[in-house]
Structure formats: structure tokens, C-alpha cells
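The values are calculated or read from the model by the stated rules, or taken from the named source; none is laboratory data. Remember, predicted model here, so these are calculated numbers, not experimental data. Counting neighbours? That spans all protein chains shown, and the Cβs are built from the backbone with ideal geometry, glycine included.
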Amino acid sequence: MNKNVYMSELLYSQLDYIQNQIDEIKRQLSELDIKMNLKGSIFFKYVKCGKPKCRCATGEKHGPYPHLQWWDGQRIKTKYLSEKKYPIYKEELEKNKLKEKLERDLVLLEKKEKRLKATYENIISKI
């Protein structure tokens, strides 16, 4: 078997594999039901209520309470998450992070696909 024919078959199978991966990522992205565009992370924080006769005035703080923290481009922002909001924000944040990862993976795979197509077409032209 000619070396170029072998290489073209190998590249074709790699292209097919990458295109399947791209299709799978696009499918996963289409199935993500994102309701809020969130960035940042959730952390738990102890707080003082500010009442002069409260135990937190002497150092024993309340909590820990969940907070969402993110960078808005100029400074770090923090938002308290109530008991009711915490699971919703946690799930949405996880979906947003998954979306970002899938989009990064998709870009890398599409670049790889483009390089492989160029190489494949170059080899095919020599056969």
C-alpha cells in the first residue's frame, strides 16, 4: 500500500473521530438549560450582624453563610445567597462552568479539525 494512501486513511479516521467529538460537544451545549449567566464561585463566610448586644459583637460571628463572589472587571463583588437561592445558584454556576469548558474544548477541536483537513487535502492531492 502506498504511504500516502495509508496516511490519508489514517487522517480520515482521525478527522471522523474529531468530528464526532465536535458533534457531541455541540449536542451537550444545546442540552444545557442555563437560566442565569453566572461567573465566580460560591464560598461560605462568617458575618457580624451589627447589633451591639449580640454575641457577634464580642467576636463569635454568625454562619457560615453561602456567598457568590465574582470579578466584574473592576472589582470583586460578593452576594449573599439565602437558603432558598443557594442550591439554585450552585446548580447554575456548575452549568455555566461546564458551558465554558465545553466551549474551550470545542474551539481546540475545531482548530485541530482545520489542521487535519488541510493535511488530508494536501496528501490527497499527491495520490
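Answer with yes or no whether Gln74 is surrounded by 13 or more Cβ atoms within 10 Å (Cβ to Cβ) and of a type outside the set (Phe, Trp, Tyr). No: the conditions fail for Gln74. Looking at Val47, Val5, just one residue is exposed (fewer than 14 other Cβ atoms within 10 Å of the Cβ), aliphatic (A, V, I, L, M) and within 30 Å of Glu121 (Cα to Cα), and that residue is Val5.
The condition of being modelled with pLDDT of 95 or more and assigned to a loop (DSSP other than H, G, I, E, B) holds for Gln74. Restricting Leu38, Leu10, Leu15 to residues that are under 27 Å from Leu109 (Cβ atoms), assigned to a helix (DSSP H, G or I), of a type in the set (A, V, I, L, M) and at pLDDT below 95 narrows the list to Leu10.
Quick check, is Lys51 in a loop (DSSP other than H, G, I, E, B) and in contact with a Leu (Cβ under 9 Å, 6 or more places away or on another chain)? When the stated conditions are applied, Lys51 does not pass them. Scan the stretch 87-98 residue by residue and report those that are closer than 14 Å to Gly40 by Cβ and either in contact (Cβ under 8 Å) with a residue 24 or more places away in the chain or not in a helix (DSSP H, G or I) (or both). Hits for the stretch 87-98 are Tyr89, Lys90, Glu92, Leu93, Lys95, Asn96. You will find that of Gly63, Gly40, the residue that is free of Cβ contacts under 8 Å to residues at least 60 places away in the same chain and surrounded by 15 or more Cβ atoms within 10 Å (Cβ to Cβ) is Gly40 and no other. Residue pairs whose Cβ atoms lie under 8 Å apart, separated by 6 or more positions or on different chains, with the first residue in the stretch 104-123 and aliphatic (A, V, I, L, M) and the second assigned to a helix (DSSP H, G or I) and loosely packed, with under 14 Cβ neighbours inside 10 Å, are Leu106/Lys26. Just so you know, in the stretch 50-60 the residues that are among the charged types (D, E, K, R) and surrounded by 10 or more Cβ atoms within 10 Å (Cβ to Cβ) include one that is nearest to Lys97 (Cα to Cα), and it is Glu60.
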